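Reviewing the structure listed below.
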Amino acid sequence: MVTNTEHETFRAEVRAFLKENLDPEVADFVRRHTHHPKELTQRWQKALYNRGWAAPSWPKEYGGTGWTPAQRYIFEEECTFACAPSVSPFGLTMIGPVLYTFGSQEQKDRYLPGILTGEEYWCQGYSEPGSGSDLASLSTRAERQDDSYVINGSKIWTTESHFADLMFCLVRTDPTAKPQSGISFLLIDLRKTSGITISPIVSIDKAHSLNQVFFEDVRVPLDALLGEENKGWDYAKFLLGHERVMTSGVSRSRQKLNELKDIAKSERLEHSTSLLSDPQFGRKVADLEIQLMALEAMSERVLARAEDAGRLDIEPSILKLRGSEIMQAVHELSCDALGYYALPYEYGADRTERTTIGPSYAEGVVEDHLYRRAATIWGGSSETQRNIISKQLFRK
Amino acid sequence: MDWELNEEQRMLRSSIEAWADNNYSWTDWRQHSVANETARRARWQELASLGVTGINIDEDHGGLGLGIRELQIIGELSGSYLMFEPFFSTVVLGTSIVSLASSEEQKAAILPAIAEGNCLLAFAFAEHGNRYDLTNVATQLEEHAGQLVLTGKKIAVLDGQFADKIIVLAVDKRQSAGAAGGLVFCLVNRDSLEGRITSYRQIDSRMAADIDFDGVAVADTLAAEDASAVLAEVEAISLVYLAAEAVGSMKAVCEQTLDYLETRQQFGNKLSTYQALRHRFVDMEIEKSACEALAIKAAEAIKQGSQDRFALAIAAKATSGRSARFVGAQGIQLHGGVGMTDELAIGHHYKRLMANEITLGNADYQIGRFRALSLTA
C-alpha cells in the first residue's frame, strides 16, 4: 500500500466522515448480513451524496470527486473496513458510466441525479434462461410499434428487481443481423410500466434477492433507447470492462479475512488454545493473506494503468477471476473456523428473520459463504474469464 | 476382499433404493424437509419392516446381525437421496455404542425397540471449545446424594429433538471412578430434558440441537469398563459410514452434472463438448472414485478388526472431506446460475456434503490425526 502524508490526511478525512455518518448498528447489520434492505443502501448513498462523495469513479463534470486512483482505493478500503453499506452497483458502476458516455443530454439530466442521490434504484436485465455465458444470444425481443418498443421475453438472475425502480435492459431489436449487431439498450421504469411480472427466485442461501422477470407485450416509449439502436452490445462491452476493474473485491476479502481472524481468536481447541494459534490453521490464514497481497498489488497496478492507458485488455478479467477465487477461499476458511457452528441455519418463513444459534460472531458467515458460490459464476464465469484471457494471450 | 456387493447386499440395496424412489422424489424431499414428526415416525416404521433400523443389531435382539458394509449401503443411499432419516444418529452411533458398551440387560432393554422402529437415539458428544476432539470432553458425570447428575453443554446433537434416549459422552468424576476418571456413556431420557433442547435446522435442512445438561439426571450409565476403546471403534465405524454417505451424494452430483452438461447449450454447442468442462467433470469422477474405493477398504479393515482400521477410517474421512469440497463446488459451478437456486437438488447436495465433512471432523482435522497416528507408529 503506497502511503505518504497526503494519503494519510485523506484517509483521516474518510475515517472522520465514517465516524460521523455511519451508525454502529448499521455497520453491525452490514457485517452480519449478505443482503441489505433497499432503504439501508439508499440512506447511505444519500449520506455520501451530501458529502459530495456519491460517485468517486465518475468524471467531475458528472458529479465525480476528482480523486486519484490511490484516493479511490483508500476510500473503498476504509468504507469496507468500517462495514459501511456497499453502494448499489447497478446505477453507479454500471448504467451511470454508460449513460454519461453514450446517453443523450436529456437522459443524463433525467437519470444521473437519481443515481447520485440514490433515490432511484436500478437493476440489470441481462441474462436470460437460454443466454448466460452466451449473453449475445439473448432473445428478449423489442419491436418498434408506432411510438413504442413492444417487449416480449424474459430476464433471469435479476438481482433486486423486485424492489428496483428502473431496469437497464438488453433487448433484441434486429433478429436478422449477427447476434452482437442486433441488440439495443433500453431504460425501463418498472414503476410505470405494465405487463412486467417479477417472480422471486430463492437462492442457495435461502434468501430472496434474485428474480425472473417476464415481459408480455410491454410497451416502453422510444426514448427508452440509450444511444443508437442495435449498438447495445458495444455499450454492454464498455460496461463490462468498466465493471471488472471494480470487482477484484480485495478490500472486502481483506475485511472478511480480518473477521476470520477474530473468529479464530475466539474459537478454542481442546477447551484451551485458540484456533488462530494452532500452527496448522494459522498457516492457512497466512497463505490467504499472501494471496491477497498479490491480488492487491495487481489491483493497484491496474488502477494506475487504467488512468494512463485508458484501455485494459486482460487485467480486468484477471482481477475478477483471481479476486473471486480468493474471496471464496476466505469465506470457506471462515466456515471452517466455526467448526460445528457452521451447521445451524435457521430462516424464518419471510426469509428476513433469522435465529442465531451459537456465538454471535457466527452470524452471517455461512450465508455469505453460500451466496458467494456465485462469485465465480456472476459477472462472467471463471470459465468465460479464462476464455477472454486466452483469446488475448494466444496469437494463432 | 470383496470390492463388489454380494447378492444379499445387492438385494438389500435394491429394496432400500426402491423405498427411496417411492418416498424421496424431489417433491417429497421438500415435504420431508419441513420436519413433520408423524410422517417421520411412519417412514421409520416402514424402514423397520425392511430390516433397516435393526440392520446392525444382532439377531438375538431382533436385528439382521449385519455389519459395516451394509451400513455403508444405507449411508450411500442416504447421501444420494439426501435423506432425513436418523440412520446416522440411531443406527450407526446409537446402536454401535449400545452394542459395544452395554451389559446384556441394557442391550435387551434398548436394542429390540430400535429394531422394531420404536426407539430413536442420539449421541451428544460435541462441545463448543472442543472443536472436533472426541475424547477431550468437559461434560462431567457426578454423583450427588445417590443421583447421577451431569454438568455440561453439548452442541450439534443430530436428531437430538427426536431422540427417545440420548447417549451423553462425559468424563467420569464419580468417587467410584477414582483417580482414573475416564470417559463414560450416560443415558438420559427425553423427559429429563424439558426446556433444555434448543433445536434448529442445519444448512442441509436436517434437525440438530444444542442441549444443556447442567444438573440433568442420568437414567443409567453404560456398563463398559473401557469407554475410550468403545468410542474409538464407534468412531471408526462412523467415519467410514460418513465417507459412504459422501460418496452417495457425490454420485448424485456427478449424475446430475453430467445430465446438465449434456443438455445445456451455449454458443451453439452442448456444454459437454467443451474440453475444459469435460476435464473438470472427469476430475469430479476421479475424486468420487478415490473416495469410494478407500471407504470400502476401510470398511473391510473394520470388518476384519485389523490393526490399521483406525488409520484407514481416518484416511477415508479425510479423503471424503477433500473430494466432497471439490465435487460439491464443481457441481454448482458447472450448473451456472441454476446451481445457485434453492429449487435444484445440486445446491442441497453441496450443503449436505458440507455438513458431512464437518461431522466428526473435517478433512484438515483428519489429516492432523493421521499425522499424529503416523508419529506414534
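Derivation of every value follows stated rules applied to the coordinates shown; laboratory data play no part. Keep in mind that this is a model prediction, so the values were computed, not measured. Backbone-built Cβ (ideal geometry, glycine too); neighbour counts: all protein chains shown.
5 Å is the cut-off here: which amide hydrogens, built 1.01 Å from N in the peptide plane, fall below it relative to residue B:148, excluding neighbours closer than 5 in sequence?
Under 5 Å from the amide H of residue B:148: B:218.
Once you average over the residues of B:130-140, how many Cβ atoms of partner chains fall within 10 Å of each Cβ?
The shielding value for this peptide is 3.
Which GluC sites (Glu not before Pro) in segment A:87-187 pass both tests, a DSSP loop state and at most 16 other beta-carbon atoms within 10 Å?
Within segment A:87-187, the qualifying GluC sites (Glu not before Pro) (loop, at most 16 other Cβ atoms within 10 Å) are A:119.
Ranked from highest to lowest mean number of other Cβ atoms within 10 Å per residue, what is the order of the peptides A:333-346, A:278-291, A:371-384, A:227-240?
Those peptides, ordered most packed to least, come out A:333-346, A:371-384, A:227-240, A:278-291.
Can you run phi through the Karplus equation (6.51, -1.76, 1.60; θ = phi - 60°) for segment B:256-263 and list ³J(HN,Hα) in whole Hz, with x for Gly and Pro?
Karplus-based 3J(HN,Hα) across segment B:256-263 equals 5, 6, 4, 4, 5, 4, 8, 10 Hz.
Label points 7 Å out from Cα along the Cβ direction at residue B:290 and residue B:217: separation in nm?
5.3 nm
Out of residues 5 or more away from residue A:225 or on other chains, whose amide H comes under 5 Å of its own, with H placed 1.01 Å from N in the peptide plane?
Residues meeting the amide H criterion: A:187.
Once phi is turned into ³J(HN,Hα) by the Karplus curve 6.51 cos²θ - 1.76 cosθ + 1.60 with θ = phi - 60°, what whole-Hz value does each residue of segment B:362-367 show in order, with x for glycine and proline?
6, 4, 4, 4, 5, 4
Would you mind getting me the FRET efficiency between residue A:271 and residue A:234? Use the beta-carbon distance for r and R0 = 41 Å, nearest 0.05.
0.10
Long-range amide H contacts for residue B:221: which residues qualify at under 5 Å (H placed 1.01 Å from N, peptide plane, sequence gap of 5 or more or a different chain)?
Here the answer is B:187, since their amide H atoms fall under 5 Å of that of residue B:221.
Is any residue of segment A:160-192 close enough, with backbone N under 17 Å, to a label point placed 7 angstrom from the Cα of residue A:222 along the Cα-Cβ axis, and if so, which?
Backbone N within reach: A:173-174, A:184-187.
Would you work out the charge dipole size for segment A:59-203 about its Cα centre, treating the Cβ of every Lys and Arg as +1 and the Cβ of every Asp and Glu as -1, and quote it to the nearest 20 debye?
Dipole magnitude for segment A:59-203 comes out near 260 debye.
Would you tell me the mean number of C-beta atoms belonging to other protein chains that fall within 10 Å of each C-beta in B:193-204, as a whole number?
Averaged over the peptide's residues, the number is 4.
Let's test the formula: R0 of 41 Å, r as the Cβ-Cβ distance of residue A:177 and residue A:325. What FRET efficiency results, to the nearest 0.05?
For R0 = 41 Å, the calculated efficiency reads 0.65.
Pick out, from B:141, A:330, B:376, the residue whose Cα sits farthest towards the positive end of the charge dipole of the protein assembly as shown, with +1 on the Cβ of Lys and Arg and -1 on the Cβ of Asp and Glu.
Value: A:330.
Do you know the relative contact order of chain A, to the nearest whole percent, from alpha carbon pairs under 8 angstrom that are 6+ apart?
Relative CO of chain A lands at 14 percent.
Excluding residues fewer than 8 places away in the same chain, name every one of the lysines whose C-alpha is closer than 18 Å to that of residue B:288.
Within reach: B:251, B:297, B:317, B:351.
What whole-number distance in Å separates the alpha-carbon centres of segment A:269-297 and segment B:136-155?
Each part's Cα centre sits 35 Å from the other's.
Looking at segment A:105-187 only, what percent of DSSP beta bridges run antiparallel? Nearest 5 please.
70 percent
Which of the listed residues, A:17, A:357, A:129, is farthest toward the dipole's positive end in the protein assembly as shown, when Lys, Arg count +1 and Asp, Glu count -1 at the beta-carbon?
A:17
Using alpha carbon centroids, what distance separates segment A:362-396 and segment B:190-240, in Å?
Between the Cα centres of segment A:362-396 and segment B:190-240 lies a distance of 41 Å.
Given points 7 Å out from each Cα along the Cα-Cβ axis, report the residue B:116 to residue A:148 separation in nanometres with one decimal.
So the two model labels end up 7.1 nm from each other.
If Lys and Arg each add +1 and Asp and Glu each add -1, what is the summed charge of the other residues whose beta carbon sits under 14 Å from the beta carbon of residue B:263?
-1
Magnitude of the Cβ-charge dipole of chain A, K/R +1 and D/E -1, about the Cα centre, nearest 20 debye?
Approximately 780 debye in magnitude.
Using 0.36 nm per residue of separation minus the Cα-Cα distance, give me the extension gain between residue A:119 and residue A:395 in nm, one decimal.
94.7 nm
Computed FRET efficiency, Cβ-Cβ of residue A:196 and residue B:27, R0 30 Å: what is it to the nearest 0.05?
Approximately 0.50, to the nearest 0.05.
Measure off 7 Å from each Cα along the Cα-to-Cβ vector at residue A:101 and residue A:40, then give the distance between these two points in nanometres to one decimal.
Once both label points are built, they end up 3.2 nm from each other.
Taking square-rooted eigenvalues a ≥ b ≥ c of the alpha carbon gyration tensor, is segment B:293-377 rounded, prolate or oblate, where a/c under 1.5 means rounded and, failing that, a/b exceeding b/c means prolate?
Since a/c reaches 1.5 and a/b is larger than b/c, the shape of segment B:293-377 is classed as prolate.
Contact order normalised by length for chain B, with contacts defined as Cα pairs under 8 Å and 6 or more residues apart; what percent is it?
That works out to 15 percent.
Rounded to whole Hz and in sequence order, give me ³J(HN,Hα) for segment B:75-81 from the Karplus expression 6.51 cos²θ - 1.76 cosθ + 1.60, θ = phi - 60°, writing x for Gly and Pro.
Result, ordered by residue: x, 4, 5, 4, x, 4, 9 Hz.
Any idea what the dipole of the protein assembly as shown comes to, in debye rounded to 20, about its Cα centre with Lys/Arg Cβ at +1 and Asp/Glu Cβ at -1?
Taking the Cα centre of the protein assembly as shown as origin, the dipole is about 2100 debye.
Quick check: net charge around residue B:322, other residues with Cβ under 13 Å of its Cβ, Lys/Arg +1 and Asp/Glu -1?
That works out to -3.
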